[in-house]
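The values are calculated or read from the model by the stated rules, or taken from the named source; none is laboratory data. Remember, predicted model here, so these are calculated numbers, not experimental data. For neighbour counting, all protein chains shown are included, and Cβ atoms are generated from backbone atoms with ideal geometry for every residue, glycine included. Side chains included, ligands, DNA and RNA excluded: accessible areas come from the protein's heavy atoms. Shrake-Rupley method; radii C 1.70, N 1.55, O 1.52, S 1.80 Å.
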Amino acid sequence: MNTSPATATRDGLSLGGVVSRLEVTRRRIAALQAEELGLLARADAIAAEQTARVPSSAGREREMPLRAIAAEVGAVLRRSDRVMQDRLHDATVLVTGFAATVAALRTGRIDTGHVRLIQDAGARITDPEARARFEQAALVVCERETPGRARPIVAMIAQKLHPVPLAERHTDAAAERRVWVRDLDDGMAELAAVLPAVLTYAIRDRLTEYAREIVAARRRAAAEAADVAAVRGGADTTGDTDGTEGLPLVGLADNAEGATPEEPLAVEPDTRTTDQVRADVLTDLLLTGHATGPGFDGDLLPGSGVRARVQVVIPADTLTGTGTTPAELVGYGPIDPDTARRLAAAAKTWERVFVSPTTGAVTHVDTYRPSRAQRRHLDARDEHCRFLGCRRPVHRCDHDHTHDAAHGGPTTLCNLANLCLRHHTMKHATAWSVIQLATGILEWTSPTGRVYPDVPRRMLEFTALAAAVGAAAVGAAALDAADTAEPAPF
């Protein structure tokens, strides 16, 4: 592991000094952003006061105070008056409806990315008491996680604390499903759709799997062509040549018009990116029913073994139909119980996840079919790469030994965690280090000596919900344990 000391920058600051000043600067910026929100909300309130003095029958004149104030604020901030009208409204919503969130921003405990996701997730909770509980729980998460990681957790909290059941809201939302086209420049257009989240994620995953199959086939074809070229080159022992040596052969002609069996058949190489392949596969599937592509010597027909990967977490009472707690599409957030039960009915394998009733930590995983129990437990516990802020799903990660196996680290649950290739490599090649505490909490130490705990997602969600329903003491004890716990015994 690289343990070289931090080097000084041009102005004499060490890396530790740079990080410390960045932390202070970020808090100052957050405080100023909170102050700006308050000023914008006050400008909106002044506009409302002026509007109230306009006779109710004045009609269009009632719009003028807000438009005039938005124009002046926009002139100062170099923004259009239309944009500023929206910002004034949003500021008022935040200051009046999410006061605790603005207070957390003012003290630098969160940033504007967290503010936006709390506002987006809580906007549909109109009951003041329910929204206050949601906000309290959401802040527990946002003060510890990046906006990207916090988003699905906050979404689940919002669904669980919403007074209207998700099943009712999903039915109304599903009625709005649609497909539309937006024209773009240069002869292009954008195809968009609003669909149930489970279907959307399954479509994207299936496109990705098809794209990987096509790219893999392309590589195999290139390797076979190289082998053919090598064999042909080795067979030419007379010194004669037909002028084809060195060509990037993809295949040989077989009774092609104007070609002998020994001549190379020119095939345009497939140089598409993965994104381009995904887009082409989508087009092929919709228009022809199967995926094709340049440089690929066979169609990927239905039933070729490519399937979507969808991970859904379903509470037991929801699965049996005795409860209405939302299920979760991992990586997205809550889905309605009926959809979850239909998916469970079609699944070949179910995995049961047991969680602690006091901390929310995953304690045990089993299945009806014997499999690698440790990996099931880790995947259920981690859900994604466990480096700070990373969301790469577990099926794209390695099961890493926290204490290196080469140095005696055992293969036990308290010494394993999911890390993506990027962070797995960084753990071994840089001065970042990690130890594992109780219940799967990872404690990362940066090259400058700062310590960052990474709490398993479900424990963090449990603690946040406990804070919202008045069991804050339980949640605080769990998080205190995360900060003070000793490394777990192997």
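Residues in segment 81-102 include at least one that is among the β-branched types (Val, Ile, Thr), closer than 26 Å to Arg450 by Cβ, assigned to a helix (DSSP H, G or I) and free of Cβ contacts under 8 Å to residues at least 60 places away in the same chain.
Take segment 387-409 and flag every residue that is out of contact with any His (no Cβ under 8 Å at 6 or more places or on another chain) and not in a helix (DSSP H, G or I). The answer is Leu388, Gly389, His399, His401, Thr402, His403, Gly408.
Taking the conditions exactly as written (in contact with an Asp or Glu (Cβ under 8 Å, 6 or more places away or on another chain), surrounded by 13 or more Cβ atoms within 10 Å (Cβ to Cβ) and within 30 Å of Glu35 (Cβ to Cβ)), does Val141 satisfy them or not? Criteria met by Val141. Would you mind stating whether Gly295 is surrounded by 14 or more Cβ atoms within 10 Å (Cβ to Cβ), assigned to a loop (DSSP other than H, G, I, E, B), small (Gly, Ala, Ser) and at pLDDT below 80? Judged against the criteria, Gly295 is a match. Taking (1) more than 24 Å from Val353 (Cβ to Cβ); (2) within 21 Å of the chain's Cα centre (by Cα) in turn, Pro393 satisfies each apart from (1). Every condition in (1) over 38 Å from the mean Cα position of the chain (by Cα); (2) among the small types (Gly, Ala, Ser); (3) within 19 Å of Ala34 (Cα to Cα) is met by Gly74 except one, and the failing one is (1). When restricted to residues that are among the hydrophobic types (A, V, I, L, M, F, W, C) and in contact with an Asp or Glu (Cβ under 6 Å, 6 or more places away or on another chain), segment 157-169 contains 2. Of everything in segment 60-79 that is over 16 Å from Ile46 (Cα atoms) and modelled with pLDDT of 90 or more, the residue that is least open to solvent (accessible area, probe 1.4 Å) is Leu77. Of the listed requirements (1) farther than 26 Å from Gly113 by Cβ; (2) of a type in the set (A, V, I, L, M); (3) assigned to a helix (DSSP H, G or I); (4) at pLDDT 90 or above, Met459 misses just one: (1). Of all residues in segment 172-199, those satisfying the criterion of being in a helix (DSSP H, G or I) and in contact (Cβ under 8 Å) with a residue 12 or more places away in the chain are Ala174, Ala197, Val198.
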